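Take this structure first; my questions come after.
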Amino acid sequence: MYAVIQTGGKQYVVKTGIKLKVENVKAHEGEMLEFEPVMIRKDDGSVEFYKGKVIAEVLRKGKHRKIQIFKFRAKKNYKRWRGHRQPFTEILIKEIKEV
C-alpha cells in the first residue's frame with residue numbers, strides 16, 4: 001500500500017517506514033504529524049481519493065547544502081555572488097490509515 005501526500009506545495013509518494021525530506025514544517029523534533037492523503041492505493045489495487053490519514057514523526061530539522069548563484073554581465077563589470085540554503089524537515093512515515 002502507498003499514498004500520495006501534499007505538503008509545501010509538492011506531492012510525495014510515501015510508504016510505511018520511509019524517511020523523507022519535505023519543505024519546512026512548523027513542528028518540533030519528536031512530534032507526530034498528520035497528513036490528509038491525496039490518494040491511497042491499497043494492496044488489492046483499489047484506489048481511494050481524499051480519505052484516510054498518514055501519520056509521520058518529525059526526525060530532525062536542518063538545511064540542504066548551499067547552492068551558489070552567480071550573475072554576470074559581459075563587458076559591464078557586473079558580477080554578483082549569492083548563496084542559499086533551503087531549510088527542510090526530515091520525517092519518518094509511521095502509518096497509513098484507511099477509512
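At Lys21 and Ile67, where each label point lies 7 Å from the Cα along Cα→Cβ, what is the point-to-point distance in nanometres?
Taking the two extended label points, one gets 1.2 nm.
May I pose another question? Can you pull the three principal axis extents for the Cα set of region 1-47, in Å, largest first?
Here the Cα extents, ordered largest to smallest, are 36, 22, 15 Å.
Got the relative contact order for the chain handy, in percent, Cα pairs under 8 Å and 6 or more residues apart?
Details: 231 pairs, mean separation 32.4, N = 99.
Contact order relative to length: 33 percent.
For region 79-97 and region 13-74, what is the centre-to-centre distance using only Cα atoms, to the nearest Å?
9 Å
Given C-alpha coordinates of the chain, what is the ratio Rg to Rh with the Kirkwood estimate of Rh?
Using only Cα positions, Rg/Rh for the chain is 1.21.
Mind telling me which of Gly17, Gly83, Gly52 comes out most flexible in a GNM of the chain, alpha-carbon contacts under 10 Å?
Gly83
Let me ask something additional. Rounding to the nearest 20 debye, state how big the charge dipole of region 2-97 is about its Cα centre with +1 on each Lys and Arg Cβ and -1 on each Asp and Glu Cβ.
The calculated dipole for region 2-97 is roughly 1420 debye.
So for region 21-73, Kirkwood radius off the Cα pairs, Stokes-Einstein at 4 °C and 1.567 mPa s: how many µm² s⁻¹? Kindly include the intermediate steps, with their values, before the conclusion.
Numbers: Rh = 14.6 Å.
Result for D is 89 µm²/s.
Select from Ile67, Gly52, Asn24 the residue farthest towards the positive end of the dipole of region 2-97; place +1 on Cβ of Lys and Arg, -1 on Cβ of Asp and Glu, and compute about the Cα centre.
So the residue furthest toward the plus end is Ile67.
Just so you know, all these numbers are worked out from the coordinates, no wet-lab data involved. Model, not experiment: these values are computed from the prediction. Cβ sites come from the backbone with ideal geometry, for glycine too, and all protein chains shown count toward neighbours.
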